[in-house]
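Enquirer: This is the structure I want to talk about, given as structure tokens.
The values are calculated or read from the model by the stated rules, or taken from the named source; none is laboratory data. Just so it is clear, the model here is predicted, and its values are computed rather than measured. Because the Cβ atoms are built from the backbone with ideal geometry, glycine has one as well, and the counts that use them run over all protein chains shown.
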Amino acid sequence: MKNVFEEIVKGNIPCDKVFENERILAFNDIAPQAPVHVLIIPKKSITNIADASEEDSALLGEMLLVAKAIAKTRGIEDNFRVVTNSGPEAGQGVFHLHFHLLGGRSLSGRLG
Ligand code: AMP
């Protein structure tokens, strides 16, 4: 089965783009769980955090700063959540690394 985020990076599947640079793409989640629900992904093929390595340190940091910048653009910079699922039992459904940026409503303190 094709990996939907790999296809989005290649431009074969459209997305509702929020941000893009040479390394990172961000787009609105197709099934938002909150008024703001943006996915931040690397263009590089990394399955999840468990698959990331030392050489990805700067990229991972930049992804968090992109999340922060998008939160500010959307006016949720004071209250937002960044989540990533690593592995199927942790809730990962798409096996290309992504950070969920969530906000715009009161979020529960519980994680799962
Ligand atoms: P996860 O369960 O952490 O792997 O999250 C995958 C996320 O990708 C879910 O929130 C889905 O709603 C979202 N998603 C799946 N396909 C698309 C798509 N084509 N465009 C945007 N978001 C998508």
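Enquirer: Working only within segment 54-106, note down all residues that are within 15 Å of the ligand (Cβ to nearest atom) and aliphatic (A, V, I, L, M).
Expert: Result: Met63, Ala67, Ile70, Val82, Val83, Ala90, Val94, Leu97, Leu101, Leu102.
Enquirer: Moving on to the next point. Could you tell me whether Ala69 is in contact with a Phe, Trp or Tyr (Cβ under 8 Å, 6 or more places away or on another chain), touching a residue at least 12 places away in the same chain (Cβ under 8 Å) and more than 23 Å from Lys2 (Cβ to Cβ)?
Expert: The answer is yes for Ala69.
Enquirer: While we're on this one: What are the pairs with Cβ atoms under 9 angstrom where one residue, in segment 9-31, is under 15 Å from Thr73 (Cβ atoms) and away from the ligand (no atom under 13 Å from the Cβ) and the other, located anywhere, is among the acidic types (Asp, Glu) and not in a strand (DSSP E or B)? Sequence gap at least six, or different chains.
Expert: The qualifying pairs are Asn21/Glu62; Ile24/Glu62.
Enquirer: I'd like to know if segment 75-88 contains one or more residues that are under 16 Å from Asn28 (Cα atoms), surrounded by fewer than 12 Cβ atoms within 10 Å (Cβ to Cβ) and at pLDDT 95 or above.
Expert: Yes, the conditions are met somewhere in segment 75-88.
Enquirer: Within the bounds of segment 36-43, is there any residue that is away from the ligand (no atom under 11 Å from the Cβ) and either under 17 Å from Asn85 (Cβ atoms) or without any contact (Cβ under 8 Å) to a residue 24 or more places away in the chain (or both)?
Expert: yes
Enquirer: Applying the selection to segment 1-21, what residues are in a helix (DSSP H, G or I) and surrounded by fewer than 13 Cβ atoms within 10 Å (Cβ to Cβ)?
Expert: Lys10
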